[in-house]
Amino acid sequence: NQDILAFPESYRAALTQLKASHPNWTFVPMQTNLEWSSVVSAEMQNNRSWVHQSKGDNWKAEAASQSGCLDPRNFTNDSYIFMFEQLTYNAQYHTVDAVSNIVSGSFMQGEVPGAGTTYAQAFYDIGNSLGVSPFFLACRVYQEQGSAGTSPLISGNYPGYEGYYNYYNIGATGTTTTDVNGLKTAQNKGWDTRMKALTGGAQYISQNYILKGQDTLYLQKFDVDASYNGLYSHQYQQNITAPMTEGGKIRRA
């Protein structure tokens, strides 16, 4: 397993176990050359990292939860390894049926209202055209909107922003409905149909993250890639457990 030998010793046992179960998988190390303590400190600054309100106080008050979510070695297992999967399109395993597995049981199980196509077909077509994983697109919307899809960002009837949609929560910040700016973003970008929001949001993510070196779920939260706009600040979300939950959704699907 020459690919595994490229990793530090502390990674190898877990990766070897994964390789035994999935011999066709290839693991590639990303060398950041960053000091661990400096990264943990930087990720704790300027409201960069939040935890869900359901988490206990130990998650909210200590850097331990931050460093635990930051350490890739905690996720080199079958449950969460997909947070490190490359997010480009692969025709061999990206199919409409597979996308349907992801959205099954959610508000995206059927058709996109008013679009004449299913959510699964829409994610597949968008991903195919952009060269981006449709699994990722479906899981990102699932992560941002939940199973029920009751957020005002996709209701189309939020006062002052009627007819605008933002499936990927792009530009949304804060902790309450009145704090978020996602619908202002949707209005500015002209996302006045659901398909425009699904397609435009995917274009935004691919152009501003996946094609700028942040091509894993992990790197979209923890910006330890300096190739674009420096370090740490160019993150997609504040939620430190987002890569775990999204990676888990992809694995289950």
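The values are calculated or read from the model by the stated rules, or taken from the named source; none is laboratory data. Computed from a prediction, not measured in an experiment: that's the story for all the values here. As a convention, Cβ positions derive from the backbone with ideal geometry for all residues, glycine included, and neighbour counts pool all protein chains shown. The accessibility values were calculated without ligands, DNA or RNA, using every heavy atom of the protein model including side chains. Shrake-Rupley method; radii C 1.70, N 1.55, O 1.52, S 1.80 Å.
General observations
- Filtered residues of the stretch 100-131 (kept if aliphatic (A, V, I, L, M), at pLDDT 95 or above and crowded, with 24+ Cβ neighbours inside 10 Å): 108, 120, 122
- Listed by first and then second residue, the pairs with beta-carbon distance under 8 Å, at least 6 apart or on different chains, first residue in the stretch 28-51 and touching a residue at least 24 places away in the same chain (Cβ under 8 Å), second assigned to a strand (DSSP E or B), are 50/239; 51/239.
- Conditions (1) part of a helix (DSSP H, G or I); (2) open to solvent by less than 80 Å² (accessible area, probe 1.4 Å); number of the one not met by residue 73: (2)
- Of all residue pairs spaced 6 or more apart or on separate chains, those with beta-carbon atoms under 8 Å, a first member in the stretch 164-177 that is at positive phi and a second member that is among the charged types (D, E, K, R) and modelled with pLDDT of 75 or more are 169/144; 171/184.
- Residue list for the stretch 9-43, filter: under 22 Å from residue 227 (Cβ atoms) and open to solvent by 40 Å² or more (accessible area, probe 1.4 Å): 26, 28, 29, 30, 31, 32, 33, 34, 35, 36, 38, 41
- Exclusive hit being farther than 30 Å from residue 34 by Cα and buried (at least 17 other Cβ atoms within 10 Å of the Cβ), set 147, 151: 151
- Tallying residues that are open to solvent by 50 Å² or more (accessible area, probe 1.4 Å) and closer than 25 Å to residue 53 by Cα within the stretch 83-99 yields 0.
- Some residue of the stretch 216-224 being more than 20 Å from residue 80 (Cα to Cα) and open to solvent by 10 Å² or more (accessible area, probe 1.4 Å): no
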